Amino acid sequence: MKRLFGICLASWLALSTPTQVQARADQIQLQENYPQEYVVVKGDTLWDISGHFLKKPWRWPELWDVNPQIDDPHWIYPGDILYLTWVNGQPKLSFKNDRMQPRARVSKLDSAIPAIPLKDLYAFLSDNVVLDEELLKKTPYVLGGRNERIIAGAGDRIYARGEIDQGHIAQNVYRPAKEYIDPSTKELLGYELLKVAEARISALNGDITSLEIIKSREEVRVLDRVIPAPEARIQSVFYPVAAPLESKGQILAVLRGVTKIGRYDAVTINLGKREGLKTGHVFKVFTRGETIKDPLTKEKVTLPAEEAGTLMVFKTYEKVSYGLIMTATNVLSIGDTIRSPDADN
């Protein structure tokens with residue numbers, strides 16, 4: 001895995017000096033007072049580290065790949081010393097000299113520096129699902145439990161009706177929690193479901209499936225939905241890249257149930273796969289302009305929207321996506337707009 005801080009460095013090949021790099025608005029811009037060296041500390045992410053050197057830290061993939069010292073940026077650990085250097089007009093991050101000497105290193109894999117704070121994503125990657133209206137109608141649902149129980153928990157048996165994928169013994173039970181409506185077009189974008197339990201198929205009888213509840217967070221109820229447990233490993237590596245130039249949308253919801261949004265909050269946006277979105281796409285976030293009364297004319301005036309943060313998409317569905325707020329210079333809110341960072345260039 002030799003790709004981090006270096007997917008697009010070809011854009012720099014036409015430049016020969018640091019001054020030229022900083023002078024081109026359409027190229028990578030360095031912080032004016034970037035440090036001579038940086039010591040990696042526990043809790044850092046590659047995004048954080050890049051913020052010390054780049055004005056747009058989400059462009060860190062454009063800095064690492066050309067560096068033979070850093071075979072895999074996920075093998076950067078607390079205590080490592082990094083510095084920015086120039087070779088033939090090209091910038092690159094390097095380790096301090098003592099790291100260049102061949103030596104054995106034993107470290108826990110989970111102590112390596114991640115690209116972004118994964119702990120803030122795991123719950124949303126595995127526990128939240130968005131289904132469109134047609135798919136929700138086709139998804140098997142809970143009829144009830146043994147002995148005519150309408151709620152059930154770990155160790156209980158439940159019965160579901162519908163076409164269950166028999167190739168997956170492990171199933172998750174989800175509860176519809178929220179519907180997403182596009183604020184502009186009023187289109188129904190989908191239904192968000194929250195995982196309430198994990199179950200295992202124990203018997204099949206026509207379109208009725210018996211399941212044993214293995215683990216539960218809440219009681220399983222009638223009309224909860226049954227969906228195969230994902231077998232794929234949860235994505236843990238994200239390569240940020242600017243969202244498509246024409247992409248414009250809004251924040252629909254914040255996934256932790258709060259009203260104000262800050263750094264590392266997960267949000268839902270009204271753009272998805274049909275708009276070409278992929279994991280890793282980055283947006284700028286703009287706060288809505290306030291409406292105030294002109295003190296002279298007394299008329300109401302709406303102030304312009306202001307850039308207030310960045311968002312990176314980490315999970316996509318057909319019509320909506322989940323994103324993580326990576327930076328926030330002001331309090332963000334539901335309804336704030338997003339657009340590609342390249343839209344200003």
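Within segment 272-297, take every residue that is under 14 Å from the mean Cα position of the chain (by Cα) and part of a loop (DSSP other than H, G, I, E, B) and give me the one that is surrounded by the fewest Cβ atoms within 10 Å (Cβ to Cβ). Per the stated criteria, the residue is 278. Each residue in segment 168-185 was checked for being closer than 11 Å to residue 225 by Cβ and either of a type in the set (S, T, N, Q) or not in a strand (DSSP E or B) (or both), and 2 pass. Contact annotation: residue pairs with Cβ atoms under 7 Å, 6 or more positions apart or on different chains, pairing a residue in segment 264-280 that is within 12 Å of residue 320 (Cβ to Cβ) with a partner that is buried (at least 19 other Cβ atoms within 10 Å of the Cβ) and of a type in the set (Phe, Trp, Tyr), are 268/180; 268/322; 272/317; 273/317.
Within segment 290-344, if we keep just the residues that are in contact with a helix residue (DSSP H, G or I) (Cβ under 9 Å, 6 or more places away or on another chain) and hydrophobic (A, V, I, L, M, F, W, C), the residue that is nearest to residue 246 (Cα to Cα) turns out to be 312. Select from segment 298-328 the residues that are assigned to a loop (DSSP other than H, G, I, E, B), at pLDDT 90 or above and open to solvent by 20 Å² or more (accessible area, probe 1.4 Å) and list them in ascending order. Hits for segment 298-328 are 299, 317, 318, 319.
The single condition among (1) open to solvent by less than 20 Å² (accessible area, probe 1.4 Å); (2) in contact with an Asp or Glu (Cβ under 9 Å, 6 or more places away or on another chain); (3) under 24 Å from residue 188 (Cα atoms) that residue 269 does not satisfy is (2). Mind listing whichever residues of segment 159-186 are in contact with a helix residue (DSSP H, G or I) (Cβ under 8 Å, 6 or more places away or on another chain) and open to solvent by less than 50 Å² (accessible area, probe 1.4 Å)? Scanning segment 159-186 gives a single hit, 162. Residue count for segment 329-341 under the criterion of being more than 20 Å from residue 187 (Cα to Cα), among the hydrophobic types (A, V, I, L, M, F, W, C) and open to solvent by 20 Å² or more (accessible area, probe 1.4 Å): the result is 1.
Here 323, 276 are screened, and the one residue that is among the small types (Gly, Ala, Ser), within 27 Å of residue 121 (Cα to Cα) and out of contact with any strand residue (DSSP E or B) (no Cβ under 8 Å at 6 or more places or on another chain) is 276.
Only residues that are open to solvent by 60 Å² or more (accessible area, probe 1.4 Å) and either in a loop (DSSP other than H, G, I, E, B) or within 30 Å of residue 274 (Cα to Cα) (or both) were counted across segment 187-202, and they come to 1.
When segment 203-221 is filtered for residues that are open to solvent by less than 60 Å² (accessible area, probe 1.4 Å) and either touching a residue at least 24 places away in the same chain (Cβ under 8 Å) or in a loop (DSSP other than H, G, I, E, B) (or both), the ones remaining, listed by number, are 208, 209, 210, 211, 212, 213, 216, 220.
Say whether the condition of being open to solvent by 60 Å² or more (accessible area, probe 1.4 Å), on the phi < 0 side of the Ramachandran plot and modelled with pLDDT of 50 or more is met by at least one residue in segment 10-26. No, every residue in segment 10-26 fails to be open to solvent by 60 Å² or more (accessible area, probe 1.4 Å), on the phi < 0 side of the Ramachandran plot and modelled with pLDDT of 50 or more. Counting only strands (runs of 3 or more DSSP E) that sit completely within segment 84-167, those holding 1 or more residues that are more than 23 Å from residue 42 (Cβ to Cβ) and modelled with pLDDT of 85 or more correspond to 128-131, 141-145, 157-161. Would you please name the residue that is modelled with the highest pLDDT, looking only at residues in segment 245-263 that are surrounded by 16 or more Cβ atoms within 10 Å (Cβ to Cβ) and part of a loop (DSSP other than H, G, I, E, B)? Checking each candidate, the answer is 247.
The values are calculated or read from the model by the stated rules, or taken from the named source; none is laboratory data. The structure displayed is predicted, hence computed values, not measured ones. Quick reminder, even Gly has a Cβ in these numbers, built from the backbone with ideal geometry, and neighbours come from all protein chains shown. Each accessible area value is taken on the protein alone, full model and side chains, heavy atoms only, with ligands, DNA and RNA left out. Shrake-Rupley method; radii C 1.70, N 1.55, O 1.52, S 1.80 Å.
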